[in-house]
């Protein structure tokens, strides 16, 4: 790694919460430092890691002055940690990143260019390649590109992937940018619903991220609980944030709820991966087998989301 100077006012602040991610952290940081666009800062917050993550962060910070390292006094969760990173950010644009994912090299450049040429856009994301623990590509996460399609889909499936987003700070209210730590691991969905009040969304047609999905990831640890929290966030979006779902969206949401409540946890894991919008997700047969008897329900849900 080479020494870099930091602009007096970096245009982009990349927020990177880190908790015990030593197995993936170097690849993540290398992908950030390998970007074709350079005028950024990386706000890393170590959230009480019990491995060598903090040591790795400090090593990289010594080699590249764009990396800033902050430390929580104990493990406080991703909501608190992301909010702390946001409070330290100086950039006009706020980009999110997860410590187990990998940026493709032109991500920041493409998103900055898009925001600079589309002044009404508050948030831009992109497409994802799905990888497993070993970094092998197992599928893809394809997101709708237009604001209208993103808005409609959000009530039934994630239409923007959190570690791909870049936000135009001056259009976003401070409240909209903050995560509610009580809603982890779907606090990002709550934030997205709030941001709909501030402007339009877009997703680039380009792949911008390698998104790591595995059983130990936060959204997959307890998919049934995650879905129930998702349902809570959707209801809050309608009641509090003024979100207006379509009739089809309400119907699909209710069908999802019935299916999730009826299925065993092993089947919910597979179904929840689909509801997150992940295509060709590789799972072993024992995980997929329980879902066969609910094939019609799964096809209904998948067909309604595409």
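The values are calculated or read from the model by the stated rules, or taken from the named source; none is laboratory data. In this text the structure is predicted, and so the values were computed from the model without any measurement. Cβ atoms come from the backbone with ideal geometry, glycine included; neighbour counts cover every protein chain shown.
General observations
- Which numbered condition residue 70 misses (of (1) in a helix (DSSP H, G or I); (2) closer than 20 Å to residue 179 by Cβ): (1)
- Helices (runs of 4 or more DSSP H) within region 193-306 that include 1 or more residues surrounded by 15 or more Cβ atoms within 10 Å (Cβ to Cβ), out of contact with any strand residue (DSSP E or B) (no Cβ under 7 Å at 6 or more places or on another chain) and at pLDDT 60 or above: 223-240, 247-262, 265-275
- Residues in region 95-120 that are touching a helix residue (DSSP H, G or I) at 6+ places or on another chain (Cβ under 6 Å) and outside any loop (DSSP other than H, G, I, E, B) were compared, and the one that is nearest to residue 148 (Cα to Cα) is 96.
- Only one of the numbered conditions (1) assigned to a loop (DSSP other than H, G, I, E, B); (2) under 16 Å from the mean Cα position of the chain (by Cα) is not met by residue 17, and that is (1).
- Of all residues in region 123-164, those being under 27 Å from residue 251 (Cα atoms), touching a residue at least 40 places away in the same chain (Cβ under 8 Å) and assigned to a helix (DSSP H, G or I) number 6.
- Here residue 85 passes the criteria (1) in the same structural domain as residue 37 (by TED's automatic domain parsing); (2) out of contact with any strand residue (DSSP E or B) (no Cβ under 6 Å at 6 or more places or on another chain); (3) surrounded by 19 or more Cβ atoms within 10 Å (Cβ to Cβ); (4) on the phi < 0 side of the Ramachandran plot except the one numbered (2).
- For beta carbons closer than 7 Å, sequence separation of 6+ or different chains, a first residue in region 68-91 that is closer than 14 Å to residue 174 by Cα and a second that is part of a helix (DSSP H, G or I), the qualifying pairs are 86/177.
Residues checked against (1) buried (at least 18 other Cβ atoms within 10 Å of the Cβ); (2) touching a strand residue (DSSP E or B) at 6+ places or on another chain (Cβ under 7 Å); (3) assigned to a helix (DSSP H, G or I):
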| position | (1), (2), (3) |
| --- | --- |
| 28 | yes, yes, yes |
| 41 | yes, yes, no |
| 45 | yes, yes, no |
| 51 | no, no, no |
| 59 | no, no, yes |
| 65 | no, no, no |
| 75 | no, no, no |
| 81 | yes, yes, yes |
